[in-house]
Amino acid sequence: MSWTTTGATSLVITPGTFTSTSANGSTNVSPTSTTTYTLTATNAAGSTTSTATVTVSAASSPVINSFAASPTTIVSGTSSMLTWATTGATSIAITPGTFTSSSASGSTSVSPTSTTIYTLTATNAAGSNTATAKVTVTAAGGPLTIETTSCPDGTQGAAYTGCTIVASGGTPPYAYSISTNASFPPLPEGMSLNASTGIVSSSLIGGQGTYTPEFIVTDTIADQATQQISIAINGSNAFLASIFPSTSIFHHRVDAASTSLPVDTSPAAPIYSGYLSSTVKPFFGNSSNAPFPNGIPAIEVPYNQPDVAVTTTVYQSYFTSGPIPAYAPVEGTSSSTGDRHVLVYLEAGGGNNPALYEIWQGIYEGGPWTDSSNALWPDANSNNLTTQGEGTSDAAGLPVGPLLANADEVIGTGTPSAPTGTIQHPIRFTLNHMLNYWVWPATETAGVGSCTESGGGSIPVESEISQSSPPASCTMTGPAGEIYRLKASVATPACASTSPQAAVIITAFRNYGIILADNGDSGGLIGTPDARWNDNDLSCITSLTLADFEPVNVSSLMVSNDSGATSH
């Protein structure tokens with residue numbers, strides 16, 4: 001503040017305590033808010049005043065006028081220039097990195113190895129502001145791509161010939177992996193991918209069917225390329241046909257011409273009328289459930305296969321340890337949230353009988369397994385059934401594996417396109433709802449409805465009913481374990497003449513029938529996944545409906561409801 005006076009002997013400036021005897025001069029003030037100062041000039045004759053106002057405004061943060069990268073996209077190994085212009089900044093910092101500057105404007109060079117977003121922080125006493133600039137880094141060798149589009153087929157139970165996933169472009173070296181997205185399956189059980197070399201290998205393939213996993217290649221700057229590649233695995237399920245003796249009901253013909261077995265006229269026996277229009281449809285095949293294998297797989301293991309712990313979490317448990325290897329295939333693969341059946345046939349040897357282990361909703365736990373229920377047939381050479389009312393890995397208390405349609409028995413000694421085999425067992429199928437009773441050879445049910453005796457008394461639900469002494473009436477029909485054969489009056493569909501795999505299965509419908517095993521889609525026919533199935537062939541089966549089948553009274557064959565043995 002400056003002043004000039006005439007005749008003054010003393011000066012005072014307020015607010016404050018400043019005084020002076022100089023007629024003119026100056027002094028500094030630092031108000032923190034807008035202030036009006038008063039100068040009072042005095043001599044012996046009196047005093048005079050004058051005012052001056054100092055306006056104080058709030059301090060402001062710096063302003064970033066620009067922050068940009070040039071070029072914004074670089075090839076790995078080259079550089080980009082970061083340029084900035086600010087107002088009011090006393091210091092500059094750029095991260096990531098340690099760059100700092102006191103220049104309000106300027107530039108610096110950066111050489112990121114991967115795409116990076118840089119942050120400029122401009123600071124002064126009042127605060128700071130930030131701005132960002134992105135530098136995109138592309139691979140030196142062009143876009144990263146996976147060149148491999150196919151892998152060799154394999155066979156369950158054998159070693160894999162191998163497949164190398166080849167990548168190009170990007171910035172090597174590469175890392176290889178399989179997507180864990182639930183939309184894609186893992187590799188076939190028993191197969192692995194080398195994360196460094198991209199080699200897919202297996203000393204023993206456990207899975208069967210066609211799997212189409214998504215392969216992922218990642219380079220050193222974190223660029224990724226993906227490719228779905230199908231791996232088709234032929235099953236090796238001939239062993240299923242040898243489970244249980246030839247005298248078992250599970251291997252007994254039921255066609256009227258050769259057995260004279262009558263139609264089951266029990267009011268419980270027919271398929272519920274609301275389901276009769278449903279087509280018979282194969283819930284198995286080659287690529288009909290792509291990218292996942294379609295069907296319930298099964299595997300054979302040697303007699304000395306080590307046991308592992310098995311923990312059952314929901315229903316009945318026949319075993320707490322079993323020969324379930326890590327490579328055992330899972331229905332729908334380990335990515336499934338469905339039934340996840342795991343079927344393992346243990347060969348005879350070492351003084352032990354062959355055995356059939358079946359689990360429902362199996363989950364491999366890195367060594368042990370967990371399941372929601374399991375069942376065991378400790379001597380697969382015997383006719384013993386499971387305990388009445390105890391259940392198995394399906395709703396009817398039946399074995400699953402021996403009742404599946406499988407490609408080995410259909411193909412026989414022929415080829416997939418010219419099969420020569422036969423199916424010599426009923427094939428398991430599902431209805432939307434079974435009756436809440438079972439008939440031999442089933443041992444359990446999970447259904448709806450009730451039946452009454454001839455005298456009018458009710459029959460406890462979830463119990464066995466007889467074909468030879470049937471109920472008087474039922475509110476629902478279709479008991480668990482009922483066998484239905486294709487009626488002799490129903491012509492073989494014309495498509496069977498050009499669908500040889502379906503023709504074998506349709507012949508089995510006549511001779512061995514289908515057996516009601518579980519709740520599910522009405523008319524769902526269950527088989528194994530297998531790369532040798534011809535999905536176009538199998539579609540011929542859908543020419544038939546459930547109305548083309550009739551229930552069979554097999555009570556004359558039953559020796560005991562605890563045994564699958566037949567009397568003749």
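The values are calculated or read from the model by the stated rules, or taken from the named source; none is laboratory data. Everything numeric here is computed off the predicted structure, so don't read it as measured data. Cβ atoms come from the backbone with ideal geometry, glycine included; neighbour counts cover every protein chain shown.
Residues of region 156-167 being surrounded by 15 or more Cβ atoms within 10 Å (Cβ to Cβ) and either part of a strand (DSSP E or B) or on the phi > 0 side of the Ramachandran plot (or both), which ones?
Listed by number, the residues that qualify are Gly157, Cys163, Ala167.
Going by the structure shown, is Ser266 in a loop (DSSP other than H, G, I, E, B) and either surrounded by fewer than 18 Cβ atoms within 10 Å (Cβ to Cβ) or not assigned by TED's automatic domain parsing to the domain that holds Glu214 (or both)?
Judged against the criteria, Ser266 is a match.
Among the residues of region 168-186, what is the count of those that are surrounded by fewer than 21 Cβ atoms within 10 Å (Cβ to Cβ) and either over 22 Å from the mean Cα position of the chain (by Cα) or under 23 Å from Pro302 (Cβ atoms) (or both)? Break it down into steps so the answer makes sense when it comes.
Residues of region 168-186 that are surrounded by fewer than 21 Cβ atoms within 10 Å (Cβ to Cβ), as a first pass: 168-169, 172-173, 175-184, 186.
Still in the running and either over 22 Å from the mean Cα position of the chain (by Cα) or under 23 Å from Pro302 (Cβ atoms) (or both): 168-169, 172-173, 175.
The total comes to 5.
From Ile199, Ile249, which residue is free of Cβ contacts under 8 Å to residues at least 40 places away in the same chain and touching a strand residue (DSSP E or B) at 6+ places or on another chain (Cβ under 6 Å)? If you could, list the steps in order and put the result at the bottom.
Details: Ile249 fails: free of Cβ contacts under 8 Å to residues at least 40 places away in the same chain.
So the residue among Ile199, Ile249 that is free of Cβ contacts under 8 Å to residues at least 40 places away in the same chain and touching a strand residue (DSSP E or B) at 6+ places or on another chain (Cβ under 6 Å) is Ile199.
Scan region 75-87 and give yes if some residue there is closer than 30 Å to Pro31 by Cβ and not β-branched (Val, Ile, Thr), otherwise no. Step through it out loud before you land on a result.
We begin by selecting, within region 75-87, every residue closer than 30 Å to Pro31 by Cβ; these are 86-87.
With not β-branched (Val, Ile, Thr) added as a condition, the list becomes none.
No, the conditions are met nowhere in region 75-87.
I'd like to know if region 206-214 contains one or more residues that are closer than 27 Å to Asn286 by Cα, without any contact (Cβ under 8 Å) to a residue 24 or more places away in the chain and not β-branched (Val, Ile, Thr). Even if it seems obvious, please write down each step before you answer.
Going through region 206-214, the residues closer than 27 Å to Asn286 by Cα turn out to be 206-214.
Checking the rest, the ones that are also without any contact (Cβ under 8 Å) to a residue 24 or more places away in the chain come to none.
No, because not a single residue in region 206-214 is closer than 27 Å to Asn286 by Cα, without any contact (Cβ under 8 Å) to a residue 24 or more places away in the chain and not β-branched (Val, Ile, Thr).
Just to be sure I understand, how many residues within region 253-301 are more than 22 Å from Ala503 (Cβ to Cβ) and of a type outside the set (Phe, Trp, Tyr)?
Of the residues in region 253-301, 26 are more than 22 Å from Ala503 (Cβ to Cβ) and of a type outside the set (Phe, Trp, Tyr).
Does any residue of region 366-382 turn out to be within 30 Å of Phe184 (Cβ to Cβ) and hydrophobic (A, V, I, L, M, F, W, C)? Reasoning before the result, please.
Within region 366-382, the subset within 30 Å of Phe184 (Cβ to Cβ) is 366-374.
Checking the rest, the ones that are also hydrophobic (A, V, I, L, M, F, W, C) come to 369.
Yes, some residue in region 366-382 is within 30 Å of Phe184 (Cβ to Cβ) and hydrophobic (A, V, I, L, M, F, W, C).
Listed residues Thr40, Thr19; which is without any contact (Cβ under 8 Å) to a residue 24 or more places away in the chain, outside the structural domain of Asn124 (by TED's automatic domain parsing) and part of a strand (DSSP E or B)?
Values: Thr40 fails: without any contact (Cβ under 8 Å) to a residue 24 or more places away in the chain.
Answer to the selection: Thr19.
Can you find, within region 338-371, the residue that is nearest to the chain's Cα centre (by Cα) among those that are polar (S, T, N, Q) and not in a loop (DSSP other than H, G, I, E, B)?
Step one: list which residues in region 338-371 are polar (S, T, N, Q), which gives 352-353, 361, 370.
Then keep just the ones that are not in a loop (DSSP other than H, G, I, E, B); that gives 352, 370.
Details: Asn352: 37, Thr370: 17 Å.
That would be Thr370.
Within region 372-388, can you find the residues that are more than 13 Å from Val400 (Cβ to Cβ) and outside any loop (DSSP other than H, G, I, E, B)?
Asn384
Could you check, for region 523-534, whether at least one of its residues is at pLDDT 95 or above, touching a Gly at 6+ places or on another chain (Cβ under 9 Å) and over 16 Å from Pro282 (Cβ atoms)? If you could, list the steps in order and put the result at the bottom.
Quick first cut of region 523-534, residues at pLDDT 95 or above only: 523-534.
Cutting the leftovers down to touching a Gly at 6+ places or on another chain (Cβ under 9 Å) gives us 526-534.
Subset that is over 16 Å from Pro282 (Cβ atoms): none.
No, region 523-534 contains no residue that is at pLDDT 95 or above, touching a Gly at 6+ places or on another chain (Cβ under 9 Å) and over 16 Å from Pro282 (Cβ atoms).
Every residue, every condition in (1) among the aromatic types (Phe, Trp, Tyr); (2) under 18 Å from Gly401 (Cβ atoms), yes or no:
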site	(1), (2)
Phe292	yes, no
Pro297	no, yes
Gln305	no, yes
Ala328	no, yes
Gly332	no, yes
Ser335	no, no
His341	no, yes
Gly349	no, no
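Considering each of Gly481, Gly564 in turn, give the residue that is outside the structural domain of Val254 (by TED's automatic domain parsing) and at pLDDT 95 or above. Don't jump to the end; show me each part of the working.
Working: Gly481 fails: outside the structural domain of Val254 (by TED's automatic domain parsing).
The conditions single out Gly564.
Can you tell which of Ala494, Ala446, Ala502 is in the same structural domain as Gln388 (by TED's automatic domain parsing) and either under 25 Å from Asn561 (Cα atoms) or of a type in the set (Ser, Thr, Tyr) (or both)? Even if it seems obvious, please write down each step before you answer.
On the way: Ala494 fails: either under 25 Å from Asn561 (Cα atoms) or of a type in the set (Ser, Thr, Tyr) (or both); Ala502 fails: either under 25 Å from Asn561 (Cα atoms) or of a type in the set (Ser, Thr, Tyr) (or both).
Of the residues listed, the single one that is in the same structural domain as Gln388 (by TED's automatic domain parsing) and either under 25 Å from Asn561 (Cα atoms) or of a type in the set (Ser, Thr, Tyr) (or both) is Ala446.
Using beta carbons and a limit of 9 Å, which pairs, at least six apart or on different chains, have the first residue in region 431-453 and surrounded by fewer than 22 Cβ atoms within 10 Å (Cβ to Cβ) and the second one assigned to a loop (DSSP other than H, G, I, E, B) and aromatic (Phe, Trp, Tyr)?
Asn432/Tyr272; His433/Tyr272; Gly449/Tyr272
Among the residues of region 309-319, which ones are hydrophobic (A, V, I, L, M, F, W, C), surrounded by 15 or more Cβ atoms within 10 Å (Cβ to Cβ) and not in a loop (DSSP other than H, G, I, E, B)?
If the condition is that a residue be hydrophobic (A, V, I, L, M, F, W, C), surrounded by 15 or more Cβ atoms within 10 Å (Cβ to Cβ) and not in a loop (DSSP other than H, G, I, E, B), then Val310 is the only one that fits.
For region 320-329, name all the residues that are in a loop (DSSP other than H, G, I, E, B) and either touching a helix residue (DSSP H, G or I) at 6+ places or on another chain (Cβ under 8 Å) or surrounded by fewer than 17 Cβ atoms within 10 Å (Cβ to Cβ) (or both). Let's see the steps before the verdict.
Going through region 320-329, the residues in a loop (DSSP other than H, G, I, E, B) turn out to be 320, 323-329.
Once the filter is applied, which keeps residues that are in a loop (DSSP other than H, G, I, E, B) and either touching a helix residue (DSSP H, G or I) at 6+ places or on another chain (Cβ under 8 Å) or surrounded by fewer than 17 Cβ atoms within 10 Å (Cβ to Cβ) (or both), region 320-329 yields Thr320, Ala326.
Looking at region 69-113, which of the residues that are aliphatic (A, V, I, L, M), within 30 Å of Ala140 (Cα to Cα) and buried (at least 16 other Cβ atoms within 10 Å of the Cβ) is nearest to the chain's Cα centre (by Cα)?
First, the residues of region 69-113 that are aliphatic (A, V, I, L, M): 69, 74-75, 81-82, 85, 89, 92-94, 104, 110.
The next check asks that each one be within 30 Å of Ala140 (Cα to Cα); those that pass are 69, 74-75, 81-82, 93-94, 110.
Adding the requirement that they be buried (at least 16 other Cβ atoms within 10 Å of the Cβ) leaves 69, 74, 82, 93-94, 110.
Details: Ala69: 42, Ile74: 38, Leu82: 45, Ala93: 46, Ile94: 43, Val110: 42 Å.
It comes out as Ile74.
If you check Ala407, Ala396, Ala502, Ala446, which single one turns out to be under 33 Å from the mean Cα position of the chain (by Cα), over 30 Å from Asp535 (Cβ atoms) and of a type in the set (Gly, Ala, Ser)?
Numbers: Ala407 fails: over 30 Å from Asp535 (Cβ atoms); Ala396 fails: over 30 Å from Asp535 (Cβ atoms); Ala502 fails: over 30 Å from Asp535 (Cβ atoms).
Step by step, each of Ala407, Ala396, Ala502, Ala446 is checked, and only Ala446 is under 33 Å from the mean Cα position of the chain (by Cα), over 30 Å from Asp535 (Cβ atoms) and of a type in the set (Gly, Ala, Ser).
Select, from Ala380, Ala405, Ala418, Ala396, the only residue that is within 27 Å of Asp264 (Cα to Cα) and touching a helix residue (DSSP H, G or I) at 6+ places or on another chain (Cβ under 9 Å). Please lay out each step first, then the result.
On the way: Ala380 fails: within 27 Å of Asp264 (Cα to Cα); Ala418 fails: within 27 Å of Asp264 (Cα to Cα); Ala396 fails: touching a helix residue (DSSP H, G or I) at 6+ places or on another chain (Cβ under 9 Å).
Only one candidate qualifies: Ala405.
Check Pro293, Pro306, Pro282 and return the single one that is in the same structural domain as Ser543 (by TED's automatic domain parsing), farther than 29 Å from Ser563 by Cβ and exposed (fewer than 15 other Cβ atoms within 10 Å of the Cβ).
Details: Pro293 fails: exposed (fewer than 15 other Cβ atoms within 10 Å of the Cβ); Pro282 fails: exposed (fewer than 15 other Cβ atoms within 10 Å of the Cβ).
From the options Pro293, Pro306, Pro282, the qualifying one is Pro306.
Would you check if Ile243 is closer than 19 Å to Ser150 by Cα, crowded, with 17+ Cβ neighbours inside 10 Å, among the β-branched types (Val, Ile, Thr) and at pLDDT 95 or above?
Details: closer than 19 Å to Ser150 by Cα: no; crowded, with 17+ Cβ neighbours inside 10 Å: yes; among the β-branched types (Val, Ile, Thr): yes; at pLDDT 95 or above: yes.
Against the criterion (closer than 19 Å to Ser150 by Cα, crowded, with 17+ Cβ neighbours inside 10 Å, among the β-branched types (Val, Ile, Thr) and at pLDDT 95 or above), Ile243 does not qualify.
Taking the options Ile221, Ile205, Ile216, name whichever one is not hydroxyl-bearing (Ser, Thr, Tyr) and not in a loop (DSSP other than H, G, I, E, B). Talk me through it step by step, then tell me what you get.
Details: Ile221 fails: not in a loop (DSSP other than H, G, I, E, B); Ile205 fails: not in a loop (DSSP other than H, G, I, E, B).
None of the other options fit; the residue is Ile216.
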